[in-house]
Structure formats: C-alpha cells, structure tokens
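Student: After the structure tokens below, expect a handful of questions from me.
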Amino acid sequence: MSEQDISTPIPAVSVSIAKQVIYCGVCSLPPEYCEYGATLNKCKEWLREKHSDLFDNLYSQTNLESDMINLSLEKKPANDAEDKKKAKEAAKIEREMQKKMASKITITRIARNKRKSVTNVCGLQNFDIDLKKAAKSFASKFACGSSVVKNNQGNDEIVIQGDVSDDLYDYILETWPDVPEDNIELVEEKKSKK
Amino acid sequence: MFKKFNIKEDIATRSLVKSSVQRNIRSKILDQYNKLETVIDEVLPKKSSLYLVKCHEHINLLTVNNEILFFQHFDGLYYPTLRLLHKYPDAFPKVQVDKGAIKKILSGANIMCPGLTSKGARMNEDLPANTIVGVFAEGKEHALAIGLTKMSTEDIKNINKDIGVENIHYLNDPLWKSNIET
C-alpha cells in the first residue's frame, strides 16, 4: 500500500506540448467564440466545410437549443434589440466589402519631360495592400525608383519612375489575386500643363 | 490597453535584440512564469531572431518569426499574447468566469468580482493581486482574455464587489487582429 502511495506520481501539469488551436477563417477567433462575433452564419459555413467534426461538436446541440430559443423569441420581442444589433453589424461588414469591391485602382502615366514619364498608382490601399511594401516590390520588379507620395488630397499614392503602366497592370493582377480586373483603370495620358 | 491600437501606425521602431539582451528577457520571462521552463526552447528558441517592436504609448512587443509572443507596458511585467496562451494554456495562472460575462469581456470590459465568484466561475489557485492571469470561460476550452488581478483571489471572494481582474488583452481586440510583417 505504502509503496504504491509513494510511486503514484503527482499529476503533473504537462505544459510540454504546444496545443494546436484551430482558428475560424472568417472571424479569426477560436470557433467556440464565433457566436459572439457578427458573422456567425458565415463562420458556421466555414467550420462545416473545414472541420466538420468540430462543427458537429459545437453546433449539434446548440442548434437545437437555439432553435428552441428562436421559437421562444418569437413570443418575446424583448430580445429583439440584440438581434437587430447583430444584424446591423453584419450589414456593416457587408457594406465594407461592397465598398472594397467598388473602389478603383487608377494607374496614370504622367509626362515629365519630352521623353520621360512617371507612373502614378492610387487606390491600392483600399485593398489592404501595404503601400510601402508595394512600392518596394515595384521598384525591384521594374528596376526603377518607386516611392509612396502624398497627393494634394492627402491620400497616399505610389509614384514609379518610368512608364510601366502596362506591365504594372499585369503585375498587380498577378500579385494580389483578390483585386478584380475590372477595378483597375488605366488612364493613358494626363495632359501636362503647357 | 489595446482598445485604441493600430499596429500599422503605432510602431515606432523595430529592432533585432542582441543575444545578451535576449538571454536577459528570457530569464525574466522564466522568473515570471516558471511553468514555462519546460517549453521555453519551443517558445523562444535560442537561435531564433527575437525582435523588439516598440510602439507608441510605451508598449513593447516581442516577436519571433513575425508572431507576437509577449508584450509589455513600460518596464513592467511581460504579458503573453492570447495566441501563445492558447498554445500553452497550463503554463499560466487561470481564472474562469461565468457565461454571462463572456460577451462583456469580448467587448473589452474589466471583470467584476461577481463574474468570478458565481456558479459557473472558478478560481482554483490562490493568487495575489497584480498577477497576470489567463481568463477562461464556463463551457469553453480556450481562453478569451488576459487579465491582471486587481485584488488577491481571497479578496475577490470576500469583497465580491468592483473590478476583480483588469482586462488587458481580449479576443478580437486590435492586438489580436494585428500581425507583424517584415
């Protein structure tokens, strides 16, 4: 008896192995917290696709429960305010997405001298592109000077030395696949002042 | 602390930490979290390049491989980030709150004592005031916030009023969302 007592190890709290945590691809939280975000429905879809076992685990019971709650909710409009708030948040996110889809990238060639020109890109920041890094990558890609400049409206834009507008068009599409092709506008030449 | 934080705009400098300083930081972290000792080589590999990112408002971040591991205010304690806490949940002291508190914590509220003493909540360890704790929730596996105790657990139980744990870093706050790139 006593021997056994001694030999039984103290339940050591094992810290040794890093836990693998799955994060939701939609809202970046651990899936169990998705319900507190604004994009629950999307999160659910994502989870069902990627980790169906986890999905079953999390939502099979709660689904029933939430259905029950929904039923009771219909009788109780008091909790509506919360639902409304959530819907509002979801709509906000939706609107932002739309705004993103609507925003344009304009590539302009500006004549600087008789034979020389610079290329001007604005609107990249709307697609969550880091301008500084983009400028750097343009510089190395086209072997020319490229920098982030504030224009007179106070927005940041990238100025690339030399006429690279056509190449740039392709390059942008290649490097940032989430930029839709229709959103890039090529302005061929801006007439400089005489 | 991170309610208004923008990783893109708030970075002042970013520098590679000298190995001697790195050793120093390492031992400090180990002093603070002695349970991390078994995994410290995994968390902060000796050969890795540790970056110190200084941000505005005296916030310092420690990053390895573009992952923020710890943060610090002035010269104070090192706080783990939630992602790190999720990986090694047992290395840090824990408290558990009840279900009703989750929503409020996720919007950045400090944790009041009743949320820590009610039925679904738990405080297994006796902790003094000003300890960094991982905040877990009833029925959830992962932590949802990192906090700093304002009173000892004893006091939380006895007084049962006011702020028990200050919310330092919570899920979906700007720090959680930010990622550092080179």
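Computed from the coordinates by the stated procedures, all read-outs in this text should not be read as laboratory data. Quantities reported herein were computed from a predicted structural model and do not represent experimental measurements. Counting neighbours? That spans all protein chains shown, and the Cβs are built from the backbone with ideal geometry, glycine included.
Student: Past the 21 Å Cα-Cα mark, which pairs from B:Lys35/B:Lys177; A:Lys19/B:Lys4; A:Lys100/B:Lys177?
Tutor: In this structure, B:Lys35/B:Lys177; A:Lys19/B:Lys4 exceed 21 Å between Cα atoms.
Student: Divide by every residue of chain B the summed helix terms, -39500 (n - 2.57) for each DSSP H run of at least 4, and state the resulting mean residue ellipticity at 222 nm, rounded to the nearest 500 deg cm²/dmol.
Tutor: Per the formula, -7000 deg cm²/dmol.
Student: Report, to one decimal in Å, the Kirkwood hydrodynamic radius for the protein assembly as shown based on all distinct Cα pairs. All intermediate terms of the calculation are to be shown ahead of the outcome.
Tutor: Values: mean 1/r = 0.0408 Å⁻¹.
About 24.5 Å for the protein assembly as shown.
Student: Still on this structure: Using label points projected 7 Å from each Cα along Cα→Cβ, tell me how many nm separate A:Lys92 and B:Ser118, to one decimal.
Tutor: So the two model labels end up 2.5 nm from each other.
Student: For chain B, max minus min Cα coordinate along each principal axis, in Å, sorted largest first?
Tutor: Principal-axis extents of the Cα atoms in chain B, largest first: 47, 34, 27 Å.
Student: Moving to a separate point now. Figure the gain on full extension for A:Ala111 and A:His51 (residue separation times 0.36 nm, minus the Cα-Cα span) and round it to one decimal in nm.
Tutor: 16.2 nm
Student: What do you get when you divide the Cα radius of gyration of region B:90-182 by 2.2 N^0.38 Å, with N the number of residues?
Tutor: Working: Rg = 12.9 Å, N = 93, 2.2 N^0.38 = 12.3 Å.
Computed over Cα atoms of region B:90-182, the ratio equals 1.05.
Student: Going out from 0 in 5 Å bins, what whole percent of all Cα-Cα distances in region A:91-194 drops into each bin?
Tutor: The calculated distribution, bin by bin, is 2, 12, 23, 25, 19, 10, 5, 2, 1, 0, 0.
Student: Determine, from the Cβ-Cβ distance of B:Glu9 and A:Ala18 and an R0 of 35 Å, the FRET efficiency 1/(1 + (r/R0)^6), rounded to the nearest 0.05.
Tutor: That pair, B:Glu9 with A:Ala18, gives E of 0.65.
Student: Now, a different point. Name the aspartates and glutamates eligible as straight-distance cross-link partners of A:Lys84: C-alpha to C-alpha under 14 Å, and not fewer than 8 places from it in the same chain.
Tutor: Candidates past the 8-residue exclusion: A:Glu74.
Student: Please give the net charge around B:Asn24, taking every other residue with its beta carbon less than 13 angstrom from that of B:Asn24, where Lys and Arg add +1 and Asp and Glu add -1. Intermediate results must be reported in sequence, preceding the final value.
Tutor: Details: positive: B:Lys18, B:Arg23, B:Arg26, B:Lys28; negative: B:Asp31, B:Asp75.
In short, +2.
Student: Taking region B:7-86 as the region of interest, what is the percent of Cα-Cα pairs per 5 angstrom bin, listed from the shortest bin to the one with the maximum distance?
Tutor: Final binned percentages: 3, 15, 28, 29, 17, 7, 2, 0.
Student: Could you please report the charge total around A:Val164, scoring K, R as +1 and D, E as -1 over all other residues with beta-carbon less than 11 angstrom from its beta-carbon? Each step should come with its number before you reach the end.
Tutor: Details: positive: A:Arg109, A:Lys141; negative: A:Asp163, A:Asp166, A:Asp167, A:Asp170.
It works out to a net charge of -2.
Student: Still on this structure, please answer the following. Could you check the spin-label model distance between A:Ala139 and B:His56? Points 7 Å from the Cα along Cα→Cβ, value in nm.
Tutor: Using points 7 Å along Cα→Cβ, the separation is 2.5 nm.
Student: While we're looking at this one, here's another question. Could you give the nm distance between label points at B:Ile40 and A:Lys100, where each point is 7 Å from its Cα heading toward the beta carbon?
Tutor: So the two model labels end up 4.1 nm from each other.
Student: Tell me the relative contact order for region B:7-86 as a rounded percent, counting alpha carbon contacts under 8 Å between residues six or more apart.
Tutor: 25
Student: Restricting attention to region B:112-182, which GluC sites (Glu not before Pro) occupy a DSSP loop and are surrounded by at most 11 other Cβ atoms within 10 Å?
Tutor: B:Glu125, B:Glu181
Student: So, one more: With only Lys, Arg, Asp and Glu charged, each at its Cβ (+1 for the first two, -1 for the last two), find how big the charge dipole of chain B is about the Cα centre; round to the nearest 20 debye.
Tutor: With only Lys, Arg, Asp and Glu charged at Cβ, the dipole is about 300 debye.
Student: Leaving out same-chain residues fewer than 8 places away, which aspartates and glutamates sit with a Cα under 17 Å from that of A:Lys88?
Tutor: A:Glu35, A:Asp80, A:Glu96
Student: Sticking with this one: Dipole of the protein assembly as shown (Lys/Arg Cβ +1, Asp/Glu Cβ -1, origin at the Cα centre): which of B:Ser20, B:Cys55, B:Ile168 lies farthest to the positive side?
Tutor: B:Cys55
Student: Related question: Averaging sequence separations of C-alpha pairs under 8 Å and six or more residues apart, then dividing by the length of chain B, give the relative contact order as a whole percent.
Tutor: That works out to 22 percent.
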